[in-house]
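The values are calculated or read from the model by the stated rules, or taken from the named source; none is laboratory data. In this text the structure is predicted, and so the values were computed from the model without any measurement. Because the Cβ atoms are built from the backbone with ideal geometry, glycine has one as well, and the counts that use them run over all protein chains shown. Heads up: the accessible areas ignore ligands, DNA and RNA and are worked out on the full protein's heavy atoms, side chains in. Shrake-Rupley method; radii C 1.70, N 1.55, O 1.52, S 1.80 Å.
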Amino acid sequence: MSECLIRTRDLNKSFMSGKSELSVLSEINLDIQQHEMLAIIGASGVGKSTLLHILGVLDHPTSGHIYYKHEDLSRWDAARLAVFRNKTLGFVFQFHHLLPEFTALENVMLPMLIQKTPKPAAQVRARGLLAEVDLEQRATHRPGELSGGEQQRVAIARALANNPQLLLADEPTGNLDSKTGDEVFGLLQELNQQKKMTLIYVTHNETLAHRADRIIRLVDGKIVEG
Ligand SMILES: Nc1ncnc2c1ncn2[C@@H]1O[C@H](COP(=O)(O)OP(=O)(O)OP(=O)(O)O)[C@@H](O)[C@H]1O
Ligand SMILES: [Mg+2]
């Protein structure tokens with residue numbers, strides 16, 4: 001059995017809205033193995049993005065713990081978490097979050113520049129990643145000059161910039177037509193199978209969910225396996 005990469009224990013998340021507390025996730029206990037491909041499914045508003053953001057340390061749980069290879073991430077300070085996110089994690093957002101004033105190429109280069117990769121090397125790698133998502137011809141376009149599907153593919157290229165161990169993808173093919181969606185999904189699956197990248201993705205598509213090693217369903221803030 002491979003090593004556990006991410007483990008959550010008794011994870012709870014609630015949001016305050018006005019004076020009332022909205023409980024979204026309750027007592028989530030999840031063990032994700034290295035190289036695993038895990039799909040998260042569940043109804044709209046159930047907390048899938050919230051869970052993914054917490055696993056990607058973009059948001060904090062209200063209580064409970066997340067361990068990365070046995071280290072308790074709640075003990076790390078913000079600076080250490082930022083380096084961890086940049087070096088180890090790749091995140092494809094539900095709404096891609098590209099920087100509008102930068103070109104596709106620059107958006108993909110950015111995580112590498114943050115890690116102090118020399119600019120020429122970052123540029124070469126970013127071009128290669130854009131080629132992998134079939135966007136070499138759009139390198140100089142800004143997000144506003146790209147279609148929704150193209151923006152999503154740039155976002156995937158950006159998530160791969162630093163060769164992450166763990167890729168978190170929130171409905172990565174949600175805005176794509178079925179052919180492009182299949183291609184993009186095929187790319188993610190290849191990264192999981194050939195480069196052994198651990199992949200956790202949220203989807204509303206049952207067919208795509210069934211391509212995972214394991215499916216977890218969120219129901220009323222809790223996990224139901226299978
Ligand atoms: N910052 C916030 N403040 C208050 N409530 C929030 C906040 N973020 C999310 N929520 C609420 O938490 C619940 C879960 O949201 P989340 O985005 O995780 O759902 P989801 O499962 O990803 O839904 P979808 O499939 O529509 O993307 C929703 O009811 C939402 O309204
Ligand atoms: Mg969501």
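By how many degrees, 0 to 90 and rounded to 10, does the Cα axis of helix 178-194 deviate from the longest principal axis of the chain?
For helix 178-194, the angle is close to 80 degrees.
Taking only Cα atoms, what is the 0 to 90° angle, nearest 10, from helix 119-132's long axis to the longest principal axis of the chain?
With rounding to tens, the tilt is 80 degrees.
Rounded to the nearest 500, what is the 222 nm mean residue ellipticity of the chain from helices alone, with -39500 (n - 2.57) per DSSP H run of 4+ residues and division by all residues? Don't skip to the answer; put the middle values down first.
Details: 7 runs with 77 residues, N = 226.
After summing the helix terms and dividing by the residues of the chain, the value is -10500 deg cm²/dmol.
So what is the accessible area of the stretch 95-203 per residue, in Å², with the probe set to 1.4 Å?
Details: 5120 Å² over 109 residues.
Spelled out: the 1.4 Å probe surface of the stretch 95-203, per residue, equals 47 Å².
Which residues in the stretch 27-52 have a backbone N closer than 17 Å to a point placed 7 Å from the Cα of Lys69 along the Cα-to-Cβ line?
Taking a point 7 Å out along Cα→Cβ of Lys69, the residues of the stretch 27-52 whose backbone N falls under 17 Å are 32-36.
Would you check the accessible area of Val184, probe 1.4 Å, heavy atoms only, in square angstrom rounded to 10?
Val184 exposes around 10 Å² with every protein chain in place.
Taking the Cα centre of the stretch 40-172 as the origin and placing charges on Cβ (Lys, Arg +1; Asp, Glu -1), which of Ala79, Thr140, Leu168 is farthest toward the positive end of the dipole?
Going by the charge dipole, the pick is Ala79.
Taking the 0 to 90 degree range and rounding to the nearest ten, how far is the long axis of helix 78-88 tilted relative to the main principal axis of the chain, both from C-alpha atoms?
60
What whole-number value in Å² describes the accessible area per residue of the stretch 1-72 for a 1.4 Å probe?
On the way: 3350 Å² over 72 residues.
With all protein chains present, the stretch 1-72 gives 46 Å² per residue.
Output needed: percent of Cα pairs per 5 Å distance bin for the chain, bins running from 0 to the one holding the longest distance.
Bins of 5 Å from zero give 1, 7, 14, 19, 19, 16, 12, 7, 3, 0, 0 percent of pairs.
Roll a 1.4 angstrom probe over the protein heavy atoms and tell me the percent of accessible area of the chain that is carbon or sulfur. Could you put the intermediate results ahead of the total?
Values: 5670 of 11140 Å².
Solvent-exposed carbon and sulfur of the chain make up 51 percent of the total.
Under a point-charge model restricted to the Cβ atoms of Lys and Arg (+1) and Asp and Glu (-1), what is the dipole moment magnitude of the chain relative to its Cα centre, in debye to the nearest 20? Write down the numbers at each step before the final one.
On the way: 25 positive and 27 negative charges, 127 e Å.
Taking the Cα centre of the chain as origin, the dipole is about 620 debye.
Based on the Kirkwood radius over alpha-carbon pairs, what is the Stokes-Einstein translational diffusion coefficient of the stretch 12-115 at 25 °C with 0.890 mPa s viscosity, in µm²/s? Before the final figure, lay out each step's value.
On the way: Rh = 15.9 Å.
Answer, rounded: 154 µm²/s.
Under 14 Å from a label point 7 Å along Cα→Cβ of Thr207: give me every residue in the stretch 67-102 with its amide N that close.
Correct set: none at all.
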